[in-house]
There are 4 protein chains.
Amino acid sequence: MTVPTLTTEKLEVLKHKIDRFASDRDWEKFHTPKNLAMALSVEASELVEIFQWLEGGEGVSGLSEQKFQHVKHEVADIFIYLLRFSSVTGIDLLAAADEKLKLNALKYPIDLVKGKSDKYNEY
Amino acid sequence: MTVPTLTTEKLEVLKHKIDRFASDRDWEKFHTPKNLAMALSVEASELVEIFQWLEGGEGVSGLSEQKFQHVKHEVADIFIYLLRFSSVTGIDLLAAADEKLKLNALKYPIDLVKGKSDKYNEY
Amino acid sequence: MTVPTLTTEKLEVLKHKIDRFASDRDWEKFHTPKNLAMALSVEASELVEIFQWLEGGEGVSGLSEQKFQHVKHEVADIFIYLLRFSSVTGIDLLAAADEKLKLNALKYPIDLVKGKSDKYNEY
Amino acid sequence: MTVPTLTTEKLEVLKHKIDRFASDRDWEKFHTPKNLAMALSVEASELVEIFQWLEGGEGVSGLSEQKFQHVKHEVADIFIYLLRFSSVTGIDLLAAADEKLKLNALKYPIDLVKGKSDKYNEY
């Protein structure tokens, strides 16, 4: 019996591929948490760069197909480094995000922050 | 028989929770791709900040339990904004990362880059 | 007759104070170019954070006096790390900026780019 | 009597040139504080990128002449955007840095922090 594609653990498979990508190239020595954090922030800035002179309100509908591909590639690079960082440091991304969401809900109670963008320590 | 919650489903559930977090707070108006890209890069820098004066080679084993929790929270914030950005822009994170990994394999052929850290256009 | 302290001299005095600040605290060992570049980018992101949910067009006139002080402090931190980085690497900031402006003028000829925000390799 | 070059207000001249560069290209509309903060952080990340896989301790002596030129250009771009941001927001860079240095001296008293790299709120 074959397991349908929908239920494969795609995230684990992807993480494994990324780790393999690094080990195949003997890049583990470069992939310290410090260096990976730097690389992640560099990729995040490459995403920012695409939007830096745009109005903002236009969303991605204002982007050409070529620019949107560029956006997808930068998003992918951020995700790849995030998975690699998590692998190297032993962090469970899904569990960490779930836990953080709960903390954020306490920091930003709906009735206090609704429609406002202030930082939690500004209320 | 109940089907166990699998990783890919968990990712969809998480994404849904994050979207709900924003809509509950009427934050959609702030969540333009431009602003989310900025927020993502700010979170990435908060991760960088933890490592900026450290040697590098010590990994996370040199961090106190408190600092490691801090690392996990920053990683989670990056992931949350990445999922939110993907939701707002209609990007499939897993598919985008898979596609980008293939492009990276072409840019960085094993026999050319093994053990070296130069950028692809420096070979 | 006393010569008034002129801007260029003030810049040298400031640079000297910043170097002294580091040596007084025995921080030279942390101030490698790599770490200073990280610290500089972290400060730049702290400036970005202030503006991340704002409309954009309102400039700084929309900021409270307290937020504007915050902006000034982040700008100052960026400048301090930039001067420190320049000191550690032996870069003459004024000369480097002058040289780069000339290169930028070649990359962005007025008649080609007037009123447009595309990157130089997109024309 | 001609005023010697040493005493010209080079920083003011540079700032003026940068403002002129923008107005000549009709770029004032793009140069909101928000967009300039983004551009500044993007340039800071381009500086980080040069160092991201390096050991750290080797300083700039380990860089090729070509890479060092690259460092100088990124440093210059950061300075140019910092001056432009200051111009647009009416911030006096030298005065802001002087004021911030005094605050930093209070946050980081020599006898408390000597030889240590913890953040001010960790002592």
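The values are calculated or read from the model by the stated rules, or taken from the named source; none is laboratory data. All values reported here derive from a predicted model rather than from experimental measurement. Quick reminder, even Gly has a Cβ in these numbers, built from the backbone with ideal geometry, and neighbours come from all protein chains shown. SASA here: full protein model, heavy atoms, side chains in, ligands and nucleic acids out. Shrake-Rupley method; radii C 1.70, N 1.55, O 1.52, S 1.80 Å.
Here are a few things to note about the model shown:
- Search result, residues across the stretch C:81-98 that are within 7 Å of another protein chain (Cβ to nearest Cβ) and within 20 Å of residue D:12 (Cβ to Cβ): C:82, C:86, C:93, C:94, C:96, C:97, C:98
- In this structure, residue C:76 does satisfy being free of Cβ contacts under 8 Å to residues at least 24 places away in the same chain and assigned to a helix (DSSP H, G or I).
- Only one of C:90, C:57 that is small (Gly, Ala, Ser), in contact with a Ser or Thr (Cβ under 8 Å, 6 or more places away or on another chain) and open to solvent by 30 Å² or more (accessible area, probe 1.4 Å): C:57
- Residues (without any contact (Cβ under 8 Å) to a residue 40 or more places away in the chain and in contact with a Ser or Thr (Cβ under 8 Å, 6 or more places away or on another chain)) located in the stretch C:30-53: C:30, C:41, C:42, C:44, C:45, C:46, C:47, C:48, C:53
- Residue identified as within 14 Å of chain B (Cβ to nearest Cβ), on the phi < 0 side of the Ramachandran plot and open to solvent by 50 Å² or more (accessible area, probe 1.4 Å) among C:34, C:29, C:10, C:67: C:29
- Screening the candidates A:76, A:22 for the property of being in contact with a Lys or Arg (Cβ under 9 Å, 6 or more places away or on another chain) and more than 14 Å from chain D (Cβ to nearest Cβ) yields one hit, A:76.
- In this entry, residue C:45 is excluded by the filter for residues that are more than 20 Å from residue D:87 (Cβ to Cβ) and either in contact with an Asp or Glu (Cβ under 7 Å, 6 or more places away or on another chain) or more than 8 Å from every other protein chain (Cβ to nearest Cβ) (or both).
- Per the listing B:110, B:78, the residue uniquely touching an Asp or Glu at 6+ places or on another chain (Cβ under 7 Å) and open to solvent by 20 Å² or more (accessible area, probe 1.4 Å) is B:110.
- Hey, residue A:42 under 21 Å from the mean Cα position of the chain (by Cα) and over 26 Å from residue B:119 (Cα atoms) or not: no
- Among the residues of this structure, residue A:45 counts as one that is among the hydroxyl-bearing types (Ser, Thr, Tyr) and under 28 Å from residue B:52 (Cβ atoms).
- Filtered residue count, the stretch B:101-115, keeping only those that are within 19 Å of residue A:15 (Cβ to Cβ) and in a loop (DSSP other than H, G, I, E, B): 1
- Scope the stretch D:13-29; condition without any contact (Cβ under 8 Å) to a residue 12 or more places away in the chain and assigned to a helix (DSSP H, G or I); matching residues: D:13, D:16, D:17, D:20, D:21, D:23, D:24
- Any hit, the stretch B:57-72, residues being at pLDDT 95 or above, more than 25 Å from residue D:121 (Cβ to Cβ) and not in a loop (DSSP other than H, G, I, E, B): no
- Unique residue being under 30 Å from residue A:57 (Cα atoms), of a type outside the set (Ser, Thr, Tyr) and either in contact with a helix residue (DSSP H, G or I) (Cβ under 9 Å, 6 or more places away or on another chain) or in contact (Cβ under 8 Å) with a residue 40 or more places away in the chain (or both) when the list is C:88, C:71: C:71
- Odd one out for residue B:20, checked against (1) surrounded by fewer than 17 Cβ atoms within 10 Å (Cβ to Cβ); (2) at pLDDT below 95: (2)
- Scope the stretch C:98-116; condition within 16 Å of residue D:17 (Cβ to Cβ) and of a type in the set (Gly, Ala, Ser); matching residues: C:105
- Residue within the stretch A:25-36 that is at pLDDT below 95 and either within 30 Å of residue D:30 (Cβ to Cβ) or polar (S, T, N, Q) (or both) present: no
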